[in-house]
1. Out of Gly43, Gly17, I need the residue that is part of a helix (DSSP H, G or I) and either in the same structural domain as Val157 (by TED's automatic domain parsing) or modelled with pLDDT of 75 or more (or both). Which one?
2. What strands (runs of 3 or more DSSP E) lie completely within the stretch 84-185 and have 1 or more residues being buried (at least 21 other Cβ atoms within 10 Å of the Cβ)?
3. Would you check if Gly60 is of a type outside the set (Ser, Thr, Tyr), at positive phi, outside any strand (DSSP E or B) and at pLDDT below 85?
4. Can you find, within the stretch 124-134, the residue that is modelled with the lowest pLDDT among those that are under 14 Å from Glu154 (Cβ atoms) and out of contact with any Asp or Glu (no Cβ under 8 Å at 6 or more places or on another chain)?
5. What residue, of Val90, Val78, Val39, is free of Cβ contacts under 8 Å to residues at least 60 places away in the same chain and in contact with a Lys or Arg (Cβ under 6 Å, 6 or more places away or on another chain)?
6. Which one of these is among the hydrophobic types (A, V, I, L, M, F, W, C), within 14 Å of Arg85 (Cα to Cα), assigned by TED's automatic domain parsing to the domain that holds Pro59 and in contact with a strand residue (DSSP E or B) (Cβ under 7 Å, 6 or more places away or on another chain): Val155, Val130, Val145?
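The values are calculated or read from the model by the stated rules, or taken from the named source; none is laboratory data. Note that this is a predicted model, so its numbers are computed, not measured. Glycine also receives a Cβ, built like all others from the backbone with ideal geometry; neighbour counts cover every protein chain displayed.
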Amino acid sequence: MRVARGTLLRNLAGSIGVLCTVAGLAFGLPAIDSALPAVRPAGTGPYPVGGGVTVTPPPGARLDVTLTRPRDTRGTAVFLVGTVRYVIVVAPFDGSLAAAAQRLRDKITRGHQITGKEFPTRTTTGLDGVEGTYAASGRSGRYLVFLAGDVAIEVTVAGSAPALRAALAAIEASTRTITYRGGKP
């Protein structure tokens, strides 16, 4: 049984079309994705982190849109202030402030060392928390943790010592604006 030459040519043309479409998707979409900026200006007003939490970013901060994930019950916001990375993570939590602080310290000590003591801190909206410092080779950092309603708010700030010193006042002012608008405070 012979297949007509026209049918073979149509099948060949269709196969080439499918191959070109797959190649376009395989190479075109990543090229478009890499052409889009991963970082954009954060703006000046309150930014919704997630879980009913908002924060006013530091002046001139940029938002890393590849790592930022605001959601209804949890969220992550990653800001860059110069070369300093300022991260806020909101997650459901059922425990004490001491337990939330220990959980964050456990995360930090994978590759870093907690330095100094913890101190109480408070936002301008009345959220009580604790803050401390940590270090790694060539990097310094601060951490803060707050409890609000049924969520823990974890803040980490990291950068080289000179960059952190330069950005710290603006970041501290920003952390004081953390607000919880969820259920019970």
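1. On the way: Gly43 fails: part of a helix (DSSP H, G or I).
Of Gly43, Gly17, the one residue that is part of a helix (DSSP H, G or I) and either in the same structural domain as Val157 (by TED's automatic domain parsing) or modelled with pLDDT of 75 or more (or both) is Gly17.
2. Values: elements: 84-92, 113-122, 128-136, 139-148, 151-159.
Hits in the stretch 84-185: 84-92, 128-136, 139-148, 151-159.
3. Details: of a type outside the set (Ser, Thr, Tyr): yes; at positive phi: yes; outside any strand (DSSP E or B): yes; at pLDDT below 85: no.
Judged against the criteria, Gly60 is not a match.
4. Looking only at the stretch 124-134, we keep the residues that are under 14 Å from Glu154 (Cβ atoms), and these are 127, 129-132, 134.
Checking which are out of contact with any Asp or Glu (no Cβ under 8 Å at 6 or more places or on another chain) leaves us with 127, 129, 134.
Numbers: Leu127: 93, Gly129: 95, Tyr134: 89.
By that ranking, first place goes to Tyr134.
5. On the way: Val90 fails: free of Cβ contacts under 8 Å to residues at least 60 places away in the same chain; Val78 fails: in contact with a Lys or Arg (Cβ under 6 Å, 6 or more places away or on another chain).
None of the others qualify; the one that does is Val39.
6. Val155
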